Amino acid sequence: MRIGVFVCHCGNNIKATVDAAYITERLRDDSSVVCSAEFPYLCAEGGQKLITEAIAEHNLTGVVICACSPRMHETTFRKAAAKAGLNPYRLEIANIREQCAWVHKNKEEATEKALSLAKAAIAKIKLSQPLFPGESRVTKRALVIGGGIAGIQAALDIAEAGFPVDLVEKSPSIGGKMAQLDKTFPTLDCSACILTPKMVDVASHEKINLHTYSEVEKVEGFVGSFTVTIRKKARSVDMTKCTGCGDCLAACPVKGKENRKAIYIPYAQAVPNVPAIDRESCLYFKNGKCKRCEKACQPKAIDFTQEDERITEGYGAIIAATGFEAIRLDAFGEYGYHANKDVITSLEFERIINASGPTGGKLVRPSDGSVPARISFIQCVGSRDATARGKPYCSKVCCMYTAKHAISAKEKHPEIDVEVFYIDVRTPGKNFEEFYRRAVEVYGVRYIKGQVGKVIGENGSLRIQAMDMLENGRYDAVTDLVVLAAAIEPSDSAKKVAQMLSSPIDANGFLSEAHPKLRPVESATAGIFLCGMCNGPKDIPETVAQASAAACKVIGLLVKDQLTTNPCTAKTDENNCSGCGLCAEVCPYGAVGVISHSTAVNAALCQGCGGCTVACPSGAMNLQGFSRAQIIAEVDALCG
Amino acid sequence: MRVNVVAFCCNWCSYAGADLAGTSRLVYPSNVKIIRVPCSCRVDEAFILRAFARGADGVIVCGCHIGDCHYATGNYHTRQRMESLFGLLAFMGMERERLRLEWISASEGAKFADTMAEFTAQVEKLGKNERYTGDCIKATDAEAAEGI
Amino acid sequence: MMNNENRCMLCGRCSAACPMAARMDLPPHMWVYRTQRGDPSSVRKADAIWKCLSCLCCEARCPRGVKPAHVAEEARAGQGYILEDVMKRVDENMPQQLPVAALRKARG
């Protein structure tokens, strides 16, 4: 074999800790190494040229690159090899940056280790084979999980590009949290006014299939050919007959959860405008009585016998857009949320000032319906909290929505005294700082740098004990309404969805992107894309941008007729195979078939995990690119 | 003498976690050398025994957290086989602490560095592996005295 | 070092939660801030540390895991435990827990 070794300095990143010259020299001891060179930046054009020219000049049949992690530039270097006429799988990378130079301080030790890693890569490449990618099909249909603004935008973009898309939403209507908002910062647009046209577009678009009151139950397959089972929960209303007239709502005698009737439409602008029956509060489902809605319904759309329905569909790509919730405040007793009606969360305040909310938009206290003389907003409840009861991150949207709430309150009643207790005021978006300054300078909102220690209900009012950090003294006052900016967290279904998609989540439960800077809307799992709050705290403009970006990635995938598959697939040596089938049992993808005393691997389905290889008792099964001999050679090189 | 630690890391989680430890510039002992595998289920017991036979003093197998395996079920098989392997090592008279199974996700750079430091310290305490080298299991002095 | 004052982000929750803060010349967040800034002697001189009840509300509320009450204990411990001197610093109208807290040895 004729191997070329290339050692990268990566500027000073590697060179400062690993003696590149020494390694370059020592690796020549191996008689298979016919060329060994070092270079400041192998990934740059000059470095690529060095490699391609060396392949031609020395007739190299194998290349070892000692540089950064293969997860960084394996594709880059493989492309270079292919360009020079060398099979790209005759190239191996030794990770001497992330896993050597960057994690060790002692130069001698780091250099010896880098040499060892390089030798392991050389040992592996000596046993490599040229590999050729296969092809797999692409189902030209997309699935979007979550019907908030993120899912809605993504679905619209994909549909506009001409691809069919299924949008699955677990509640009876799409719209998500944005539909619950009154106005949006910093423009103070009416949230429903800018959202509902998109919701209507989704409902009427011929390429979009809307599955509301539905959940994803199972996901199988892989990029290009996912198979998904969706459970459509029983609304107890026939959607084909319902006209949305609302007679059933009027007839229902029950007050169910969240002050709604047992049969309910989540809100006036719901899409679809079809009610659902909450079977837990419905009198008929509880004790067989009532049925007034059925009597009131002219089109005869009520169907108490309706059952959950399951559908199975194929998709080429999936977008996760499962959104967020506010955290529960059980661990934050000091703010008196559960003890006092007039201590509310920001979302509850939003609903109060919303004309389509429970008070018809009147800004009144929940306890007695009076207009508050003073409102105190408390920021960072549960955010920026490194202890077990909170979230370590900043929830990003609260400083802005509180400024919006303060302005809304002042707009409705200029005489209300509004104060905001903050740690920092964060205004990271376009026109955000100007918006916050408007609240202070034009509307006279008092911003107090400091936090509240306790909120105590007293004589129908609320007493707060706080600290004013700039005065460096206690601030004790009486207020009428306390609004808590509770931290946001991923929605409860996020973890379940992530596991179904084999998509990684981080320590805070957010779905992880493939690369935080360069691949913000892709999951590490091919074919899965992310957008919106499910991936991290963000506001509406960022969410919409991410949704369109994710849609763009999906469209890029769906336009392809074929996908090239990973060539590092398992392969059976029929001479040694007895057809025991243990390999087939282990395979998560059903890629191994047992055929008359032997097995065969479907290279299009095989994802290259290697489980079958280890299960095989006779060693007939092997994994190309990570063969038994190759790994043993690496072990020998590292331990020697 | 420095102890040799071989780490098998799965490409999707633990190898990425190791990379994150690198980008975060966290420090851990250079005794640890990583072999990349697509999934922790690729790690054959034979590789681990080979590592010990060729001079490794500690072997650690790292994979995705249970339920989060990139290949859906791979790490379940890893877990089950490693249990058997621990039993085999005990039968061979080798210290159980020379082998470790750890689940480390791609976002757990700190956990990776801490685990490697801890494991290396543990292996250093056990000293060089003299029980199973070459391809033989060496008898202990007591066993030799009894003519085993 | 019993706790890392650098973690403090000056939110003020400790002082807001402290039942004695209104009567202190130097509130709990300032003990941490001054120590952070390399001026622990001003903390030792403050009367406030003798008003601390060691109720640990500040530590319960701190979102960063900082321990102002332990800073106060270290400040008290650093001055020795001559009983007469301690009792001179302690306000006789203070709740009973205070003398006990004031005499408790600093623990890790």
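Values quoted throughout were computed directly from the atomic coordinates according to the rules given, and no laboratory measurement underlies them. Keep in mind it's a predicted model, so treat the numbers as computed, not measured. Cβ coordinates were reconstructed from backbone atoms using ideal geometry, including for glycine residues, and neighbour counts include every protein chain displayed.
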Legend entry - Globularity index of region A:543-601, i.e. its alpha-carbon radius of gyration over 2.2 N^0.38 Å: 1.81
Inset, instruction - Any chance you could list P(r) for region A:570-624, counting all Cα-Cα pairs in 10 angstrom bins from zero, rounded to whole %? - result: 30, 63, 7
Legend entry - Coil-residue trypsin sites (Lys or Arg not before Pro) of region C:1-80, DSSP, other Cβ within 10 Å capped at 13: C:Arg37
Inset, instruction - Would you kindly compute the Cα radius of gyration of region A:234-307 and its largest Cα-Cα separation (Dmax), both in Å? - result: 11.0, 32
Inset, instruction - May I ask for the net charge around A:Val254, where only other residues with Cβ less than 10 Å from the Cβ of A:Val254 are counted and Lys, Arg are +1 while Asp, Glu are -1? - result: +4
Inset, instruction - Report ³J(HN,Hα) in whole Hz for each residue of region A:112-117, in order, from the Karplus equation J = 6.51 cos²θ - 1.76 cosθ + 1.60 where θ = phi - 60°; Gly and Pro get x. - result: 4, 5, 4, 4, 4, 5
Inset, instruction - Between beta-carbons, use under 12 Å as the cut-off and find the net charge around A:Cys193, counting Lys and Arg +1, Asp and Glu -1. - result: 0
Inset, instruction - Would you grab the residues whose amide H sits under 5 Å from the one on A:Val5? Only those 5+ places off in sequence or on another chain, please, with H modelled 1.01 Å from N. - result: A:Cys35, A:Ser36, A:Ala37, A:Val64
Inset, instruction - From other protein chains only, count the Cβ atoms within 10 Å of every residue's Cβ in B:49-58, then give the mean. - result: 3
Inset, instruction - For region A:459-467, just list the computed ³J(HN,Hα) in residue order, Karplus coefficients 6.51, -1.76 and 1.60, θ = phi - 60°, integers in Hz, with x standing in for Gly and Pro. - result: 6, x, 10, 10, 9, 10, 10, 9, 10
Inset, instruction - Measure nothing but the geometry: give the 0 to 90° angle between the long axis through the Cα atoms of A:45-58 and the longest principal axis through the Cα atoms of chain A, rounded to 10°. - result: 30 degrees
Inset, instruction - Using only the alpha carbons, work out the radius of gyration and Dmax of region A:480-635 in angstrom. - result: 21.5, 83
Inset, instruction - Count charges around A:Gly360 for me, please; just the other residues with Cβ under 13 Å from its Cβ, Lys/Arg as +1, Asp/Glu as -1. - result: +2
Legend entry - Cα centroid of region A:231-254 to Cα centroid of region A:70-118, whole Å: 62 Å
Legend entry - Nearest-ten-degree value, helix A:628-639 long axis tilted from longest Cα axis of chain A: 90 degrees
Legend entry - Relative contact order for region A:3-126, counting Cα pairs under 8 Å that sit 6 or more residues apart, in percent: 31 percent
Legend entry - Reciprocal of mean inverse Cα separation for region A:3-126 (Kirkwood radius, Å): 13.8 Å
Inset, instruction - Could you run the Debye sum over the Cα atoms of the protein assembly as shown, one equal point scatterer each and no solvent, and tell me log10 of I(q)/I(0) at q = 0.08 Å⁻¹, two decimals? - result: -0.93
Legend entry - trypsin sites (Lys or Arg not before Pro) within region A:530-614: DSSP coil, no more than 15 neighbouring Cβ in 10 Å: A:Lys560
Legend entry - From the C-alpha gyration tensor of region A:326-489, square roots of 5λ in Å: 21, 20, 17
Inset, instruction - Would you please name the chymotrypsin sites (Phe, Trp or Tyr not before Pro) within region A:3-85 that are DSSP coil residues with at most 14 other C-beta atoms within 10 Å of their C-beta? - result: none
Inset, instruction - Give me the angle, in degrees from 0 to 90, between the Cα long axis of helix A:398-412 and the longest principal axis of the Cα atoms of chain A, rounded to the nearest 10. - result: 20 degrees
Inset, instruction - Using only atoms on other chains, find how many Cβ atoms lie within 10 Å of each Cβ of peptide A:501-508 and report the average. - result: 4
Inset, instruction - Rounded to the nearest 500, what is the 222 nm mean residue ellipticity of the protein assembly as shown from helices alone, with -39500 (n - 2.57) per DSSP H run of 4+ residues and division by all residues? - result: -9500 deg cm²/dmol
Inset, instruction - Using just the alpha carbons, could you tell me how many Å³ per residue the convex hull of region B:5-146 encloses? - result: 89 Å³
